[in-house]
Amino acid sequence: MNFAKAFTYIFDDQRWLEKLVIPLLVTLIPIIGWMVVAGYLMRVTRNVAEHQAEPLPELEFGADLGRGFKVFVANLLYGLPIVLVSLLLFLPLALTENSNAATAFAVLLAILGGFVILLYALFMTVLMPAVNANLAVKERIGAAFDFKEIFRMLRNNFTAWLIVIGGILLGSAIIAPLGGIVLVIGAIVTGFYSQLIVAHLTGQAYAHSQTPGGQGAPLY
């Protein structure tokens, strides 16, 4: 894994500004724009996983929208358990009347539910980078739920996926907020840049997880 490369690879492409300005503008479109950019980032991940010299693609609005919709569906389905657990465990708290015993039971149930949700969220934090990588490379919605393949990649090189998680945390906590100094436009630029970083790290992790310990993986 080449962590530093994820921050500089876009500038290796002589047409980087031309290729990125349109996706950047598309992010301004509500909802649909997010899906298009998600599909675009999927292709960046796939290109990196396939070790292409210049992984930045041209935006394909319709095709990238379709890819981004797959990302949306996969993430929605993975998020459903949190919604269902929240409804099942927190609803009794809202429905309890003035009974102290019932209220105490509902509060206890809500605390347990919160603990379950926390555990699931931590599990998803580890799982989702590999899920999204498998979906990006294979471009089939079923690839997001190919648990045998996903867990095989995690076992092969768990450290690589921890690096991706580190990149996500760095991007969301430090890089993306930096643009806020230059108002909304700056935040959009740094937010998109942080996503490009994560896409590159995810592609690297995929390539380094095809064999145990990343043996024989390409150098980035």
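Which entry is the computed semi-axes √(5λ) of the Cα gyration tensor in Å for this structure: [x] 24, 24, 20; [y] 38, 23, 17; [z] 35, 22, 16?
Correct label is [z].
Please state the relative contact order of region 5-214 as a whole percent: Cα pairs under 8 Å, 6+ residues apart? Provide the component values of the computation, followed by the final result.
Working: 255 pairs, mean separation 51.8, N = 210.
The value is 25 percent.
Please report, in Å, the Rg and the Dmax of region 147-218, where both are computed over Cα atoms only.
14.9, 45
Mean Kyte-Doolittle of at least 0.5 plus a Cα span of 15 Å or more along the axis: flag which DSSP H helices in the chain meet both, please.
Details: long enough: 16-26 (16 Å, 1.65); 32-49 (26 Å, 0.91); 61-95 (46 Å, 1.64); 100-138 (54 Å, 1.78); 158-170 (18 Å, 2.41); 183-207 (37 Å, 1.25).
Helices meeting the criterion: 16-26, 32-49, 61-95, 100-138, 158-170, 183-207.
Taking 0.36 nm per residue of sequence separation and subtracting the Cα-Cα distance, how much length would be gained by fully extending the chain between Ser86 and Ala63, in nm to one decimal?
Contour length minus Cα-Cα distance gives 4.8 nm.
Which of the lysines could a cross-linker span from Lys148 if the Cα-Cα distance has to be under 18 Å and same-chain partners fewer than 8 positions apart are dropped?
By straight Cα distance, Lys148 reaches Lys138.
Tell me the mean residue ellipticity at 222 nm calculated for the chain from its helices only (DSSP H runs of n ≥ 4, each -39500 (n - 2.57), averaged over every residue, nearest 500).
The helix contribution divided over the chain gives -24000 deg cm²/dmol.
Every number in this text was worked out from the coordinates using simple rules, so none of it is lab data. These numbers were taken from a predicted model, which means no experiment stands behind them.
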